[in-house]
């Protein structure tokens, strides 16, 4: 039962990013509430309200039908317009920033809630309209109270539409997009740091372990880790997950290694805890934030857009994310209650993340002195931060040297070259601050 619960929670977490998830829930709620109101109408709720507050109840069948029809048509028009605005926003974000930001924009919960309110109200009004019998002349038999609720829901839709216009105008602004990506990645990294032990236990060499292969194709999004821990403890096995999170996994490629051979049923049980998707979300994979922010910065430096200010902003956000990543271990190991290593998840190491980010900026921004200066300021800041491993410091120095060499070959102005030389020579090239040192000095960075 616990295993099914963990799988269900993992599945719900996977589909929450779909644009139809919350609208579907709201639609079911609207339909259910309409059925409930039809039941209450048969019990005489409208007659009760009419006797006590007659001003609130519509007691004419034609008026009620006309009003509900008009309101339903208006909400449908508003919903179509809202959907058109979403499509325009997605098209603009894809053209000006990066197609990778689309999943996060689509999964915006406030927009999903608003579309859900529209659908719920439309369904409620339709089924309330069906419940009106024009042949009934007795005002006590009309669902007047249900019509009143439909009017209230319509007013709520109008308010939601005004909020939607404000929200979507904010969502398309590049600063808000960057801040949203950064916030999700920071939250994910801090969550991983909280669950990370001070010293990762030694995990056995898995080179001679039995390898099992993927039965599905898609982006490796997440895994029900608690279920796998239970399986490992029950079966007395250790497990290594080979693809890193966010990697596109093809069918029949190695996906796990297990310390001993297991039967096919157990293999299926283990693999059933892996979730695959065709899209990626920063909430599940913080590395995607580095990719998205980098792509936005590089797109901003393209001749068609030519927006160095956005590129500089992306470097600021990357600087903060790298500072947090410096505190994290490159290995992710889950242990049993007795602190015995059970599962190792392959992760993208710091050196690789830094290289992939910098290779893009070195290629497309090395001709722009403002971006080069900002990158050297980033290196100087990061070299003064607390780090988990001394190798992180070496990686920063290596990337700073590559940036310096590429820039010297691109910029020919003597004054600019002197400025770059001064920035490079000002970097602290020796020593590092271990994570245990909580009094790092980050003054005089610029």
Which count do you get for residues in segment 381-391 that are buried (at least 21 other Cβ atoms within 10 Å of the Cβ) and at pLDDT 90 or above?
2
Can you find a residue in segment 269-280 that is modelled with pLDDT under 85, crowded, with 20+ Cβ neighbours inside 10 Å and closer than 28 Å to residue 396 by Cβ?
yes
Where in segment 1-95 are there helices (runs of 4 or more DSSP H), lying wholly inside it, with at least 1 residues that are at pLDDT 80 or above?
21-42
Considering only residues that are without any contact (Cβ under 8 Å) to a residue 60 or more places away in the chain and surrounded by 18 or more Cβ atoms within 10 Å (Cβ to Cβ), which ones fall in segment 16-74?
72
Which one of the conditions (1) surrounded by 20 or more Cβ atoms within 10 Å (Cβ to Cβ); (2) over 28 Å from the mean Cα position of the chain (by Cα) does residue 241 fail to meet, given that it meets all the rest?
(2)
In the list 442, 407, which residue meets the criterion of being in a loop (DSSP other than H, G, I, E, B) and either at pLDDT 90 or above or under 13 Å from residue 323 (Cα atoms) (or both)?
442
Looking only at helices (runs of 4 or more DSSP H) that lie completely in segment 287-374, which have at least 2 residues being at pLDDT 90 or above, closer than 21 Å to residue 427 by Cβ and touching a strand residue (DSSP E or B) at 6+ places or on another chain (Cβ under 6 Å)?
none
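The values are calculated or read from the model by the stated rules, or taken from the named source; none is laboratory data. No experiment lies behind these values; they were computed from the predicted model shown. Here Cβ is always computed from backbone atoms with ideal geometry, including for glycine, and neighbour counts include all displayed protein chains.
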